[in-house]
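Data block below; observations after.
Where a number appears in this text, it was derived from the coordinates with a stated rule and is not lab data. The structure presented is a predicted model; accordingly, all values stated were derived computationally and were not measured. All Cβ positions, glycine included, derive from the backbone under ideal geometry; neighbour counts span all protein chains shown.
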Ligand code: 4NP
């Protein structure tokens, strides 16, 4: 079993959308028994909350189911997850600072868009102060980057992708 954690600031916009899109892709590949994902925020702003209604609207429009309650990333996540994927450099920095306080130094923290062609170093832009257009842009960015991430997983864990 491979476990993936997607992380943003609030865990109500970008990371629950990433989790939803990724889980839908995994399911359509028949890999939902072998790969699982969850999401979390670096902040405690929205613990226990449903995703932002604009996130839910964007997911619904793109036929992606989302089921999540906001939670904050925790030190034990570095033990529980094989991959932790940050949406931007600030998330990455905060995650690496938290990781320093754990014994789980081998868990790699990745930047989401580094998995997309031409996206190296770029953030998944925070849509919180935007509108429907910004959310749709985030959706398209995530959709592409998650395909790249799946190719990466296939390269590292080819046995899981065999029928
Ligand atoms: P997210 O977006 O990190 O993609 O979930 C945000 C959600 C909430 C806030 C900022 C960004 N906030 O400041 O409450």
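Just name the residue that is surrounded by the fewest Cβ atoms within 10 Å (Cβ to Cβ) out of those in segment 1-30 that are more than 11 Å from the ligand (Cβ to nearest atom) and in a strand (DSSP E or B).
3
Does segment 45-55 contain at least one residue that is within 19 Å of residue 113 (Cα to Cα) and surrounded by fewer than 22 Cβ atoms within 10 Å (Cβ to Cβ)?
no
Across segment 68-84, what is the total count of residues that are in contact (Cβ under 8 Å) with a residue 40 or more places away in the chain and in a loop (DSSP other than H, G, I, E, B)?
Matching residues across segment 68-84 total 6.
Could you list, in sequence order, all residues of segment 85-100 that are within 13 Å of the chain's Cα centre (by Cα) and either free of Cβ contacts under 8 Å to residues at least 60 places away in the same chain or over 17 Å from residue 4 (Cα atoms) (or both)?
92
Yes or no: segment 85-93 includes at least one residue that is away from the ligand (no atom under 16 Å from the Cβ), outside any loop (DSSP other than H, G, I, E, B) and in contact with a helix residue (DSSP H, G or I) (Cβ under 8 Å, 6 or more places away or on another chain).
Within segment 85-93, not a single residue is away from the ligand (no atom under 16 Å from the Cβ), outside any loop (DSSP other than H, G, I, E, B) and in contact with a helix residue (DSSP H, G or I) (Cβ under 8 Å, 6 or more places away or on another chain).
Can you work out which of the residues in segment 115-152 that are within 13 Å of the ligand (Cβ to nearest atom) and without any contact (Cβ under 8 Å) to a residue 12 or more places away in the chain is surrounded by the most Cβ atoms within 10 Å (Cβ to Cβ)?
By that ranking, first place goes to 134.
Could you check, for segment 31-51, whether at least one of its residues is touching a strand residue (DSSP E or B) at 6+ places or on another chain (Cβ under 8 Å), outside any helix (DSSP H, G or I) and in contact (Cβ under 8 Å) with a residue 60 or more places away in the chain?
There is at least one residue in segment 31-51 that is touching a strand residue (DSSP E or B) at 6+ places or on another chain (Cβ under 8 Å), outside any helix (DSSP H, G or I) and in contact (Cβ under 8 Å) with a residue 60 or more places away in the chain.
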